[in-house]
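Undergrad: Below is one structure. I have some questions about it.
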Amino acid sequence: MRIAPVILLAGCYTSSPTAPTLSNTVKAEPEELSVRTSSVGPIHGDTEATLVHLRELLAGYEVKPSHDGSLQYDVYKNGEMLFYVVPDQEQGTIFNVHVVSGKIAVAGKSWRVGAPFSGAASLTSCECWGDNPTCFIAGEHVAVNFNRTCDDVTEDPAARRSLEGMKIQRVIWNPLPFGNDPDEETRD
């Protein structure tokens, strides 16, 4: 009699459900969003600056076209605007990227939107972009912008030191190094 219950149990056994079929396709996530010499996350100088391509490249982020005097692509995560991309209309690539969120770090620098600026003594030039100064070190790809008037910081290297400790309004990445235009005023 003991053999019969074992046979009944064996008859009730069913194998576990079949595992789902695996696919060799992986949805690529964008690399860490930080500003580097050569990129802002997955955005490089030769990136195609179209809405479709930026949406593919920035999967998981919301990319919206907007017009603030010209076409730009605003990039959001969880409702917060992180940066905007300005396309080069002639080349179809990236003209520059403006970071407007403190969530995005600048590799190798303490520069972060909303943080106090440090490094004013190393700035080689400031240009007035609209009503605000955008300042950089000649030959580098990253600049900082401040919510203040340009006053004399565009003309006087000593006046640039007044930017020390000021809150950074934007960080700008440019695929070409800043200050390589022979018409720009820079100091050694």
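Undergrad: Once you sort the root eigenvalues of the Cα gyration tensor of segment 107-188 as a ≥ b ≥ c, which label holds: rounded (a/c under 1.5), prolate (a/b larger than b/c) or oblate (the other case)? Before the final figure, lay out each step's value.
TA: Details: a/c = 1.43, a/b = 1.11, b/c = 1.28.
Verdict is rounded for segment 107-188.
Undergrad: May I ask you to compute the full-extension gain from Ala115 to Asp131, defined as 0.36 nm times their residue separation minus their alpha-carbon distance, rounded to one decimal in nm? Please list the in-between numbers first.
TA: Numbers: separation 16, 0.36 × 16 = 5.76 nm, distance 2.03 nm.
Length difference between fully extended and current span is 3.7 nm.
Undergrad: Follow-up. Would you kindly derive the ³J(HN,Hα) couplings of segment 173-178 from the backbone phi angles with the Karplus curve 6.51 cos²θ - 1.76 cosθ + 1.60 (θ = phi - 60°), listing them in order in whole Hz, with x for Gly and Pro?
TA: 9, 10, x, 9, x, 6
Undergrad: Moving on to the next point. At 0.36 nm per residue, and after removing the present C-alpha to C-alpha distance, how many nm does the segment from Asp88 to Lys103 gain when stretched out fully?
TA: Numbers: separation 15, 0.36 × 15 = 5.40 nm, distance 2.55 nm.
Gain on extension, Asp88 to Lys103, equals 2.8 nm.
Undergrad: Report the label-to-label distance for Leu51 and Asn147 in nanometres (one decimal), using points 7 Å from each Cα along the Cα→Cβ vector.
TA: 2.9 nm
Undergrad: Okay, next question. How would you rank 65-76, 35-46, highest first, on the average number of other Cβ atoms within 10 Å across their residues?
TA: Values: 65-76: 14.5, 35-46: 18.0.
So the order, starting with the most tightly packed, is 35-46, 65-76.
Since every read-out is calculated from the coordinates, none of them should be taken as a lab result. Just so we're clear, the structure is a prediction, and the values are computed from it rather than from any experiment. Virtual Cβ from ideal backbone geometry, glycine too; neighbours counted across all protein chains shown.
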